[in-house]
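Report on the structure given below.
Quick note: the coordinates plus some simple rules give every number you see, no bench work behind them. Quantities reported herein were computed from a predicted structural model and do not represent experimental measurements. A quick note on method: Cβ atoms are made from the backbone with ideal geometry, for glycine too, and the neighbour counts reach across all protein chains shown.
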Amino acid sequence: MNIDELLKSPPKVHNWTNDGQLTSSGLPEAVFRFMDKVLTPQTKSVETGAGISTVLFALKGCNHTCVNPDDEENQRLKEFCKENGVSTDNVTFVAKKSNDSWYELKDQAWDFVLVDGCHGFPTSIVDFYFLSLGLKINGYLIIDDTHIITCALLKDFLITESAWKLVEPFNSKTAIFQKVAEYDAANEWIRQPYVVTKTKELEDAKKPLSMDFASRAGQHALKMLNSLGLKIVTVQKLI
C-alpha cells in the first residue's frame with residue numbers, strides 16, 4: 001500500500017453515530033502528502049486520536065505512539081493494516097484518554113506530533129503542553145480542526161511565538177508548525193506576545209467610550225442613514 005492507495009480507500013473505523021455505520025475521517029489531503037514526504041523509519045511520532053493518519057505513520061515505518069481511548073477503533077485499524085500488508089510492529093496503541101497518558105510519555109523525545117484527539121477545553125491545550133516538552137528542535141507539530149475555538153486559540157498563540165514557525169496553514173482546518181528553537185512552555189504571560197496583546201484588548205474593551213468618539217460615531221451613522229434616503233428625527237437634549 002502507498003499513500004495514493006490509502007487515500008483512495010481509507011480505513012472506516014469511526015462509529016460516531018452509534019448506529020453501526022462506520023465512517024472514515026482524517027486530515028486534508030495536502031497534509032497527508034506533506035507527512036508522506038517528511039516521515040521516515042527514523043521518525044519517532046505520537047498522535048492523539050486515530051484514523052488514516054495512524055495507518056500512514058505505520059506505512060512509513062515510524063516508531064509511532066497512538067493515544068486513543070477507543071480500543072475498538074484501534075483494533076479496526078490493526079485489522080485494516082493487516083489486510084493491506086501494513087506492519088504495525090512499530091506502532092504502540094495506548095487505549096487511554098490523553099490526560100491519563102502524558103505523565104507516562106512526557107519524558108520521551110518526539111520528531112513529529114499530531115494533536116487531533118479531544119478538542120474540548122482544556123484537553124487540546126494540555127495535549128500540546130505535554131507533547132511540546134518532548135518535541136525536538138526542527139520537529140513538526142500538526143494541529144487539526146483549527147476551526148474549533150480551542151484549536152484556533154492554540155494556532156493563533158503559536159504564530160506569535162518565536163520558537164515556532166508556521167510551515168503551512170493549508171486551510172482553515174489544519175496548521176503545521178516546526179519547532180525552530182527551545183521553547184519554555186511555562187513562560188510567564190508578560191513574555192507571551194499573544195497573551196499580552198489579548199489582555200490589552202480586553203482592558204481596552206472595558207473602557208467607556210469617550211464622548212467625542214460617541215458623538216462622531218453618531219454623526220457618521222446619521223450621515224449613512226441620510227444617504228439611504230431615510231428621514232431621521234433627532235431629539236435635542238433639553239437643558
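Structural remarks
- Spacing of the modelled spin labels on residue 172 and residue 9, each 7 Å from Cα toward Cβ, amounts to 3.5 nm.
- Net charge, residue 21 excluded, C-beta distance under 15 Å - Lys, Arg +1, Asp, Glu -1: -1
- All aspartates and glutamates inside 19 Å of residue 97 as judged from Cα atoms, apart from same-chain residues fewer than 8 positions distant: 47, 70, 71, 72, 73, 107, 116, 127, 144, 145
- With a Förster radius of 35 Å applied to the C-beta separation of residue 16 and residue 40, the computed FRET efficiency comes to 0.60.
- Table column - 3J(HN,Hα) (Hz), the stretch 5-15, Karplus curve with 6.51, -1.76, 1.60, x for Gly and Pro: 5, 5, 6, 6, 10, x, x, 9, 10, 8, 10
- Spherically averaged projected area in nm², based on the convex hull that wraps the Cα atoms of the stretch 3-202: 11.4 nm²
- Centroid-to-centroid separation of the stretch 43-64 and the stretch 16-35 [C-alpha atoms, Å]: 14 Å
- Distance from the alpha carbon centroid of the stretch 113-163 to that of the stretch 171-192 works out to 8 angstrom.
- Cα-based reach from residue 223 at 16 Å (exclusive), listing lysines while leaving out same-chain residues under 8 positions away: 231
- The residue 223 and residue 201 beta-carbon pair, evaluated with R₀ = 41 Å, returns a calculated FRET efficiency of approximately 0.90.
- Calculated FRET efficiency for the pair residue 182/residue 159, C-beta based, R₀ 22 Å, to 0.05: 0.75
- Distant-in-sequence amide H partners of residue 94 (H built 1.01 Å from N, under 5 Å): 66, 67, 68
- Cut-off under 5 Å, modelled amide H: who pairs with residue 114 long-range: 46, 47, 48, 142
- Simple Cβ-charge dipole of the chain, Lys/Arg +1 and Asp/Glu -1, about Cα centre, in debye nearest 20: 1200 debye
- Those lysines that a straight Cα-Cα span of less than 27 Å connects to residue 37, excepting residues fewer than 8 apart in one chain: 8, 12, 60, 78, 82, 106, 136, 155, 165, 173, 179
- Near residue 106: Cβ cut-off under 13 Å, other residues only, Lys/Arg at +1 and Asp/Glu at -1. The net charge is -4.
- Within the chain, DSSP assigns beta bridges of which about 35% are antiparallel (rounded to the nearest 5).
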